[in-house]
1. Can you tell me which residue in the stretch 19-35 is least open to solvent (accessible area, probe 1.4 Å), limited to those that are in contact with an Asp or Glu (Cβ under 9 Å, 6 or more places away or on another chain) and within 20 Å of K86 (Cα to Cα)?
2. If you scan the stretch 1-35, which residues turn out to be modelled with pLDDT under 95 and of a type outside the set (A, V, I, L, M, F, W, C)?
3. Since Y108 meets every condition but one in (1) more than 25 Å from A14 (Cβ to Cβ); (2) surrounded by 14 or more Cβ atoms within 10 Å (Cβ to Cβ), which condition does it not meet?
4. Any idea how many residues of the stretch 34-74 are outside any strand (DSSP E or B) and aliphatic (A, V, I, L, M)?
5. Go through the stretch 90-104 residue by residue and tally those that are open to solvent by less than 20 Å² (accessible area, probe 1.4 Å), more than 10 Å from the chain's Cα centre (by Cα) and not hydrophobic (A, V, I, L, M, F, W, C).
6. Can you name the residue in the stretch 36-73 that is closer than 20 Å to L85 by Cβ and at pLDDT below 95 and is also surrounded by the fewest Cβ atoms within 10 Å (Cβ to Cβ) among such residues?
7. Residues of the stretch 86-110 being acidic (D, E) and more than 18 Å from N73 (Cβ to Cβ), which ones?
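The values are calculated or read from the model by the stated rules, or taken from the named source; none is laboratory data. None of these values were measured; they are calculated from a predicted model. Backbone-built Cβ (ideal geometry, glycine too); neighbour counts: all protein chains shown. Just the protein is used for accessible areas: all its heavy atoms, side chains included, with ligands, DNA and RNA removed. Shrake-Rupley method; radii C 1.70, N 1.55, O 1.52, S 1.80 Å.
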Amino acid sequence: QVQLVESGGGLVQAGGSLTLSCAASGSIFSLNAVGWYRQAPGKQRELVAGITRGGNTNYADSVKGRLTISRDNAKNTAYLQMNSLKPEDTGVYYCNADIRRTVLGAPYNSWGQGTQVTVSS
């Protein structure tokens, strides 16, 4: 099955920025709604931002005004622009979406393998 692949994580100082990308590992027809999740050490995975196929967005209160989710439907790719990063933003970031491989195919849910974001103080 085609899976989601995240990229763009890394080590950054507090106040810095990173942009994460989420794309399918192979050819697909479409991604439906996409969510970016974060899992900090010792904590449960939490939703930080979501975007519908039409572009409606929602954010966790802790990231509003600092993180921006977007997507390019032509490229079947979603992004998470992260600004003014804080040490508490540290964690593994995962994207999740329903993938439709072909126009007539049934969508299936997929998680990426995650990308590490570390924010130093």
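1. Filtering first and then ranking leaves L20.
2. Answer for the stretch 1-35, where residues must be modelled with pLDDT under 95 and of a type outside the set (A, V, I, L, M, F, W, C): Q1, Q3, S25, G26, S27, S30, N32.
3. Result: Y108 passes all but (2).
4. Restricting attention to the stretch 34-74, the residues satisfying the condition of being outside any strand (DSSP E or B) are 40-45, 52-56, 60-66, 73-74.
From what is left, the residues that are aliphatic (A, V, I, L, M) are 40, 60, 63, 74.
Total meeting the criteria: 4.
5. Number satisfying all stated conditions: 1.
6. Taking the candidates together, the pick is G42.
7. Answer for the stretch 86-110, where residues must be acidic (D, E) and more than 18 Å from N73 (Cβ to Cβ): E88, D89.
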